[in-house]
Amino acid sequence: MHIVFSSQHQAHGTRPAMPGYPDRYDETPPRVGAILAGLEAAGLGSPVQAVDHGLAPILAVHDAGLIAFLQGAFQGSRAFLPGDSPLWPDGYHAVRGWRRRPAGWQQLAGYYAIDRDCPILAGTWEAAYWSAQAALTAAGLVKAGQRAAYALCRPPGHHASASQYGGYCYLNNAAIAARHLQAGSGARVALVDIDYHHGNGTQEIFYADPTVLTCSLHADPDQEYPTFWGGAAELGDGPGRGYNRNWPLPAGVDDAAYLHALDEAIALVATFQPAFLVIAAGFDLVQGDPSATTTGFRVTVEGLETVGRRLAGLDLPTVIVQEGGYQIDQLGEMAVRFLRPFDAG
Ligand SMILES: [Zn+2]
């Protein structure tokens with residue numbers, strides 16, 4: 001298994017107690033170490049450092065204003081924030097249809113963030129940039145003919161849309177990988193998101209695009225984040241109509257119910273006949289994840305392994321991009337179980 005990571009993730013130095021954040025912050029650097037340790041112990045391959053593909057493939061997905069904000073926000077906000085205090089939105093967020101880009105860094109945080117889950121720290125841009133580079137490096141390997149590659153991305157990406165960040169995500173790594181797979185050929189890509197939360201950013205990026213089939217299985221947004229996206233009626237727009245599909249699932253679904261929904265997604269992907277598959281692999285679908293505010297799903301680690309086996313059964317060149325998953329002591333085992341079925345080729 002080709003495993004790509006970026007040591008620069010540590011620059012996004014979040015910790016469970018973040019100044020200015022009312023809850024425990026679960027998206028922290030030890031997540032990466034836990035996964036790497038599990039993969040290495042299982043002999044699944046040696047991780048390689050991401051290769052720099054530059055800013056162009058990021059700008060192929062994201063708005064230049066968002067990128068400029070992420071690049072400059074920490075330094076710019078030192079004018080009103082002391083020391084290494086994180087920049088958070090101050091409670092005012094741009095509403096849909098709002099068009100005026102404000103001037104101040106504090107106001108820009110509200111303009112670009114969909115929520116208050118994303119601190120801007122001194123190393124946030126560096127970590128987000130290299131997380132995207134890990135996805136690009138994995139996509140490059142698959143584009144060059146490898147059967148599968150895994151990008152251990154941190155911070156995650158699927159809640160980041162073209163022009164907004166949120167939900168622990170700054171740049172949409174899976175979307176950037178999908179566009180990179182298409183570059184030069186326009187090849188069709190299927191993107192399946194198994195994270196517990198709906199991949200709202202990914203949905204938005206490809207919503208009018210019939211060349212990328214986006215499928216997301218997730219907690220019912222009436223029960224869980226991201227609330228405003230993820231319904232079954234969201235089918236795509238214009239030429240993209242029919243190429244976005246959501247499976248909002250109730251709290252407590254077990255392996256059988258989850259796999260039933262997955263099989264529907266897999267059948268759609270097979271009909272679409274893509275050249276590549278991208279999997280947004282969040283492991284917070286497994287029971288007990290602290291990010292669930294309800295009882296969460298009752299999907300087991302054995303169930304997760306079956307999810308991996310069935311997706312690998314599509315037999316497509318596949319890029320697996322890490323999204324969420326916050327049971328740190330189990331992340332290594334989850335990654336091994338999920339990835340091993342892709343390791344056959
Ligand atoms: Zn999640």
For this session: Return the only residue of A174, A190, A208, A160 being away from the ligand (no atom under 13 Å from the Cβ), surrounded by 24 or more Cβ atoms within 10 Å (Cβ to Cβ) and either touching a residue at least 60 places away in the same chain (Cβ under 8 Å) or assigned to a loop (DSSP other than H, G, I, E, B) (or both).
Result: A190
Exercise. Is it true that D284 is out of contact with any strand residue (DSSP E or B) (no Cβ under 7 Å at 6 or more places or on another chain) and surrounded by fewer than 19 Cβ atoms within 10 Å (Cβ to Cβ)?
Worked result: no
Problem set entry | Checking G242 against (1) within 16 Å of the ligand (Cβ to nearest atom); (2) open to solvent by 10 Å² or more (accessible area, probe 1.4 Å); (3) part of a loop (DSSP other than H, G, I, E, B), the condition it does not meet | (1)
Problem set entry | Within the stretch 1-26, tally of residues that are open to solvent by less than 20 Å² (accessible area, probe 1.4 Å) and out of contact with any strand residue (DSSP E or B) (no Cβ under 9 Å at 6 or more places or on another chain) | 4
Exercise. Identify, please: which residue in the stretch 211-228 is surrounded by 24 or more Cβ atoms within 10 Å (Cβ to Cβ) and away from the ligand (no atom under 13 Å from the Cβ) and is, among those, farthest from R309 (Cα to Cα)?
Worked result: V212
Problem set entry | Of all residues making up the stretch 193-205, the number that are in a loop (DSSP other than H, G, I, E, B) and either away from the ligand (no atom under 16 Å from the Cβ) or among the aliphatic types (A, V, I, L, M) (or both) | 1
For this session: Within the stretch 131-145, identify whether any single residue is touching an Asp or Glu at 6+ places or on another chain (Cβ under 9 Å) and under 21 Å from D26 (Cβ atoms), and answer yes or no.
Result: no
Exercise. In this structure, does A79 turn out to be in contact (Cβ under 8 Å) with a residue 12 or more places away in the chain and within 20 Å of I205 (Cβ to Cβ)?
Worked result: no
For this session: Residues being more than 16 Å from the ligand (Cβ to nearest atom), touching a Gly at 6+ places or on another chain (Cβ under 9 Å) and not in a loop (DSSP other than H, G, I, E, B): count how many of those fall in the stretch 313-345.
Result: 9
Problem set entry | Sole residue being over 17 Å from the mean Cα position of the chain (by Cα), aliphatic (A, V, I, L, M) and either modelled with pLDDT of 95 or more or within 21 Å of A37 (Cβ to Cβ) (or both), chosen from L331, L314 | L314
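The values are calculated or read from the model by the stated rules, or taken from the named source; none is laboratory data. On a predicted model such as this, the values are computed, not experimentally measured, just so you know. Counting neighbours? That spans all protein chains shown, and the Cβs are built from the backbone with ideal geometry, glycine included. Ligands, DNA and RNA are excluded from the accessible area calculation, which covers all protein heavy atoms including side chains. Shrake-Rupley method; radii C 1.70, N 1.55, O 1.52, S 1.80 Å.
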